[in-house]
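Quick one: structure below, then a few questions.
Please treat every number below as a calculation from the coordinates, not as lab data. Computed from a prediction, not measured in an experiment: that's the story for all the values here. Cβ placement follows ideal geometry from the backbone for every residue including glycine, while neighbour counts extend to all protein chains displayed.
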Amino acid sequence: MKINLRNPLIFLDLETTGINIVTDRIVEIALLKIHVDGREEEFLKRINPEMPIPAESSRIHGIYDEDVKDAPVFKEIAKTLTHFMEGCDFAGFNSNRFDIPLLAEEFLRAGVDIDLKKRKFIDVQAIFHKMEKRTLGAAYKYYCGKPLENAHSAMADTKATYEVLQAQLDVYKEEEYEDQKGKVSKPIVNDVPALSEFSSYDRNVDYVGRIVYDDNGVEIFNFGKNKGMPVEQVLREQSGYYGWMMTSEFPLYTKKVLTAIKLRMKDS
């Protein structure tokens, strides 16, 4: 089924030095932009991560230090990326939990303040796991009826994700889904905002979900001893908590969100 688009939709996949959002870096980025008229545009670039690529990561994606030693660093392509992404929504496989947060970190490290939170995000893995609970290779075989060739090749995975989402729109267009609260709906509709909402696990304020919105739209912490407590309350009552988070190993965007809340409290 062709996807109904209000904005261009970018499918993305990152190959990286590892899976730590804070400390790992991108070694290859693949973007497949689907324009509103259906035209496709590709962007594929290897990136020098400015750190050694661990052997276990290279064994997965096949990219070694030698392959990227002459590649540009992320800062050198950041402006080109922002231009390519301008006005687009995003989709990927596990992208809400990994690709988007890591990409946001790279932009912040490069000094580019791109506000991806204004866009819509579809996580094809989230739809798949909620409906079938499998992996990309299994998803591709299940929905598209053929094995996934060149798995862990960034562009192959990106194109496979695009095909899987199109197939999901056909398979689930009339299927009901019951959430944890017992609410029944037919959430797989050909609409990017609706798919974005359904494929989100939490109402994240930051990208990785350390701070989320509660049912009343209040920002609360989603980890540690203050899990479930309003951020503003914690900042008022625990004077050292802000400083601890700012000096600890949290994503830069999480720190940016926390600082914005703190500054908002001073102005109110």
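If you stretched the chain out fully between Met1 and Phe84, how much longer would it get, using 0.36 nm times the residue separation minus the C-alpha to C-alpha distance? Walk me through the intermediate numbers first.
Numbers: separation 83, 0.36 × 83 = 29.88 nm, distance 2.52 nm.
Gain on extension, Met1 to Phe84, equals 27.4 nm.
Further, regarding this structure: Put +1 on the Cβ of every Lys and Arg and -1 on every Asp and Glu Cβ in the range 211-267; which of Ser248, Gln238, Phe221 then has its Cα farthest towards the positive end of the dipole?
Most positive-ward Cα: Ser248.
Same structure, new question: Show me the ranking of peptides 185-194, 20-29, 212-221, 114-123 by mean Cβ neighbours inside 10 Å, starting with the highest. Kindly include the intermediate steps, with their values, before the conclusion.
Numbers: 185-194: 16.3, 20-29: 19.6, 212-221: 14.1, 114-123: 18.0.
Answer by packing, highest mean first, reads 20-29, 114-123, 185-194, 212-221.
Less than 14 Å Cβ to Cβ from Gly240, Lys/Arg counted +1 and Asp/Glu -1: what total charge do the surrounding residues give? Could you put the intermediate results ahead of the total?
Values: positive: Lys225, Arg236, Lys262; negative: Glu237.
Charge balance in the 14 Å sphere: +2.
Right, here's the next one. Where the centre of each part is set by its Cα atoms, how far does the range 79-111 sit from the range 198-249, in angstrom?
About 22 Å separates the Cα centre of the range 79-111 from the one of the range 198-249.
Still on this structure: Before rounding to the nearest 500, sum -39500 (n - 2.57) across all DSSP H runs of length at least 4 in the chain and divide by the residue total; then give [θ] at 222 nm in deg cm²/dmol. Before the final figure, lay out the partial values.
On the way: 11 runs with 105 residues, N = 268.
Calculated mean residue ellipticity at 222 nm is -11500 deg cm²/dmol.
Would you mind ranking His35, His61, His129 so that the residue whose beta carbon has the fewest other beta carbons within 10 Å leads the list? Numbers along the way, then the final one.
On the way: His35 13, His61 19, His129 16.
Exposure proxy ranking, most exposed first: His35, His129, His61.
Explain nothing, just the number: dipole magnitude of the range 9-191 about its Cα centre with +1 on each Lys and Arg Cβ and -1 on each Asp and Glu Cβ, in debye rounded to the nearest 20.
Details: 25 positive and 34 negative charges, 81 e Å.
The dipole of the range 9-191 has a size of about 400 debye.
When the dipole is taken about the Cα centre of the range 1-60, and only Lys, Arg (+1) and Asp, Glu (-1) are charged at their Cβ, what size is it in debye, to the nearest 20?
With only Lys, Arg, Asp and Glu charged at Cβ, the dipole is about 180 debye.
Turning to a different aspect of this structure: Compare the peptides 136-149, 97-110 by average per-residue count of other Cβ atoms within 10 angstrom and give them in order, highest first. Display every interim value, and only then the final one.
On the way: 136-149: 15.9, 97-110: 21.2.
Taking the mean over residues of other Cβ atoms within 10 Å, the ranking is 97-110, 136-149.
OK, next. Taking only C-alpha pairs under 8 Å that are 6+ residues apart, what is the relative contact order of the chain in percent? If you can, show how the numbers build up before the last one.
Working: 425 pairs, mean separation 46.8, N = 268.
Here the relative contact order equals 17 percent.
Length gain on complete extension for the stretch Lys225 to Tyr177, per 0.36 nm per residue less the alpha carbon to alpha carbon distance? Could the numbers behind the result be given before it?
Working: separation 48, 0.36 × 48 = 17.28 nm, distance 3.29 nm.
Result: 14.0 nm gained on full extension.
Name the residues of the range 168-185 whose amide N is less than 19 Å from a point 7 angstrom out from the Cα of Tyr142 along the C-beta direction?
Counting only backbone N, you get 168-180, 185.
Quick check: residue separation of Ile60 and Thr135 times 0.36 nm, minus the Cα distance between them. What number comes out in nm? Mind dumping the intermediate values first?
Values: separation 75, 0.36 × 75 = 27.00 nm, distance 1.53 nm.
Gain on stretching Ile60 to Thr135: 25.5 nm.
Would you please state the base-10 log of I(q)/I(0) at q = 0.19, 0.29 1/Å for the range 205-253, with intensities from the Debye formula using one equal scatterer on every alpha carbon?
Values, matching the q order: -0.60, -1.28.
Now, a different point. Using the membrane-span-like helix rule (whole DSSP H runs, Cα extent along the own axis of at least 20 Å, mean Kyte-Doolittle hydropathy at least 0.0), which helices of the chain qualify?
Details: long enough: 154-171 (25 Å, 0.06); 252-267 (23 Å, -0.16).
The answer, listed by residue number, is 154-171.
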